[in-house]
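Engineer: Please find one structure pasted underneath; my questions will follow.
The values are calculated or read from the model by the stated rules, or taken from the named source; none is laboratory data. Just so you know, these numbers come straight off a predicted model, no measurement behind them. For neighbour counting, all protein chains shown are included, and Cβ atoms are generated from backbone atoms with ideal geometry for every residue, glycine included.
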Amino acid sequence: MSLSRSAPLRLAKYLRVMAIGFQNTLVYRWNFLLRVGFSFIPLMGAFFFWGAAAKGGGGEIGGYSFNAMISYFLGLMLLDLLASPTEDDYQIAAEIRDGLINQFLMKPVDYLAYRFSLFWSYRAIYAATTLVPVLAAIWYLRAYFTMPESWGVAWLCLVAVLLSATLQFLIAFTSALLAFWVLEVSAPIFIIYSFEFLAGGHVFPLDLFPPWAYRLIMLTPFPYEYWFPLGIFLGRFSPDEVARGFAMQAAWCLGVWLLARWVWARGIRRYTAVGG
């Protein structure tokens, strides 16, 4: 089979995986809506907390107006719903632990590409299911929501969100591969998530850190999962900083992809095919 014919066939194979993922995830659409509902609780807490902080600080918090801060947390909620893996790491670890990856070792299927296809199918269904309540929340808080200053900024945000989702998936995939060596991966995954929560910008915008801490954090992959797309959205970066940020985001995606390939190859060499 020529290369010209094999490439479309490989693509069709993973598009079929995505189609199956669409069907499977639609079964849990009510779970999506419940998760969206619970995501409004931290948003309400942020609204009241930062509102009180803004009044005490003369209307601004570290250079952020109250509207900018609410826009940040609204954008964070939307980004978390659209780009964050949900149970992907635990599902991958369970497939390794239970021997369910045996089927992929005997077929011309790349396991990383297979899981990546399922990830995007889940994200697409999740976005379609949750878009209405999220947009309703943004409309309700429209008096506090700041839109990007131009369509060019909006397109840059979209590219950053796609790279963010890719990076988050690759980190989740790589951490799940620890199941080749340990029986329970909950502890290392929780540690990684804890660093991601703080250094990604879940608690507050990262430029509120002292400058030396901010520079150190920006050398890690975590800011490029949440803070970087949101910083573009709010206009917190200069054009040079945006260019450097995209370079770092792409470099981390490539680096974690290479690490995932290496860990997978090492894990498969010591894997004993049982069950499944």
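Engineer: If we scan the stretch 163-185, do we find a residue that is without any contact (Cβ under 8 Å) to a residue 60 or more places away in the chain, farther than 19 Å from Arg261 by Cβ, in a loop (DSSP other than H, G, I, E, B) and charged (D, E, K, R)?
Structural biologist: Yes: the stretch 163-185 contains one or more residues that are without any contact (Cβ under 8 Å) to a residue 60 or more places away in the chain, farther than 19 Å from Arg261 by Cβ, in a loop (DSSP other than H, G, I, E, B) and charged (D, E, K, R).
Engineer: Within the stretch 219-236, track down each residue that is among the small types (Gly, Ala, Ser) and either part of a loop (DSSP other than H, G, I, E, B) or at pLDDT 95 or above (or both).
Structural biologist: Step one: list which residues in the stretch 219-236 are among the small types (Gly, Ala, Ser), which gives 231, 235.
Answer for the stretch 219-236, where residues must be among the small types (Gly, Ala, Ser) and either part of a loop (DSSP other than H, G, I, E, B) or at pLDDT 95 or above (or both): just Gly235.
Engineer: Which of the residues belonging to the stretch 218-249 are touching an Asp or Glu at 6+ places or on another chain (Cβ under 9 Å), closer than 19 Å to Ala165 by Cβ and among the small types (Gly, Ala, Ser)?
Structural biologist: Gly231 - this is the single residue of the stretch 218-249 that is touching an Asp or Glu at 6+ places or on another chain (Cβ under 9 Å), closer than 19 Å to Ala165 by Cβ and among the small types (Gly, Ala, Ser).
Engineer: Scan Leu230, Leu234, Leu219 and give me the residue that is buried (at least 19 other Cβ atoms within 10 Å of the Cβ), over 30 Å from Gln91 (Cβ atoms) and not polar (S, T, N, Q).
Structural biologist: Being buried (at least 19 other Cβ atoms within 10 Å of the Cβ), over 30 Å from Gln91 (Cβ atoms) and not polar (S, T, N, Q) holds for just one of Leu230, Leu234, Leu219, which is Leu234.
Rundown of residues vs (1) at pLDDT 75 or above; (2) more than 22 Å from Ile232 (Cβ to Cβ); (3) touching a helix residue (DSSP H, G or I) at 6+ places or on another chain (Cβ under 9 Å), yes/no style:
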residue	(1), (2), (3)
Phe47	no, yes, yes
Gly51	no, yes, yes
Ser65	yes, no, yes
Leu118	yes, yes, yes
Arg123	yes, no, yes
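Engineer: Would you be able to tell me the number of residues in the stretch 97-139 that are free of Cβ contacts under 8 Å to residues at least 40 places away in the same chain and under 19 Å from the mean Cα position of the chain (by Cα)?
Structural biologist: Within the stretch 97-139, residues that are free of Cβ contacts under 8 Å to residues at least 40 places away in the same chain and under 19 Å from the mean Cα position of the chain (by Cα) number 2.
Engineer: Okay, next question. Among the residues of the stretch 213-222, is any charged (D, E, K, R), under 27 Å from Val159 (Cβ atoms) and touching a residue at least 12 places away in the same chain (Cβ under 8 Å)?
Structural biologist: Taking every residue of the stretch 213-222 in turn, none turns out to be charged (D, E, K, R), under 27 Å from Val159 (Cβ atoms) and touching a residue at least 12 places away in the same chain (Cβ under 8 Å).
Engineer: Suppose the filter is of a type in the set (Val, Ile, Thr), within 13 Å of Val159 (Cα to Cα) and touching a residue at least 24 places away in the same chain (Cβ under 8 Å); does Val256 pass it?
Structural biologist: For Val256, the condition - of a type in the set (Val, Ile, Thr), within 13 Å of Val159 (Cα to Cα) and touching a residue at least 24 places away in the same chain (Cβ under 8 Å) - is not met.
Engineer: Is at least one residue of the stretch 241-255 surrounded by fewer than 18 Cβ atoms within 10 Å (Cβ to Cβ), of a type outside the set (S, T, N, Q), within 24 Å of Tyr111 (Cβ to Cβ) and more than 21 Å from the chain's Cα centre (by Cα)?
Structural biologist: No, the stretch 241-255 contains no residue that is surrounded by fewer than 18 Cβ atoms within 10 Å (Cβ to Cβ), of a type outside the set (S, T, N, Q), within 24 Å of Tyr111 (Cβ to Cβ) and more than 21 Å from the chain's Cα centre (by Cα).
Engineer: Could you give me the residue pairs with C-beta distances under 8 Å whose first residue belongs to the stretch 187-210 and is within 20 Å of Phe237 (Cα to Cα), whose second residue is of a type in the set (Ser, Thr, Tyr) and at pLDDT 90 or above wherever it lies, and which are 6+ apart or on separate chains?
Structural biologist: Filtered contacts from the stretch 187-210: Ala199/Thr220; Gly200/Tyr226; Gly201/Tyr226; His202/Tyr226; Leu206/Tyr214; Asp207/Tyr214.
Engineer: Additional query: Within the stretch 61-96, restricting attention to residues that are within 20 Å of the chain's Cα centre (by Cα) and of a type in the set (D, E, K, R), which residue is surrounded by the fewest Cβ atoms within 10 Å (Cβ to Cβ)?
Structural biologist: Checked the stretch 61-96; the qualifying residue surrounded by the fewest Cβ atoms within 10 Å (Cβ to Cβ) is Glu87.
Engineer: Now for a separate question. Working only within the stretch 144-153, note down all residues that are part of a helix (DSSP H, G or I) and either in contact (Cβ under 8 Å) with a residue 24 or more places away in the chain or of a type in the set (Phe, Trp, Tyr) (or both).
Structural biologist: Start the filter on the stretch 144-153 by keeping residues that are part of a helix (DSSP H, G or I), which leaves 144, 151-153.
Listed by number, the residues that qualify are Tyr144, Trp151, Val153.
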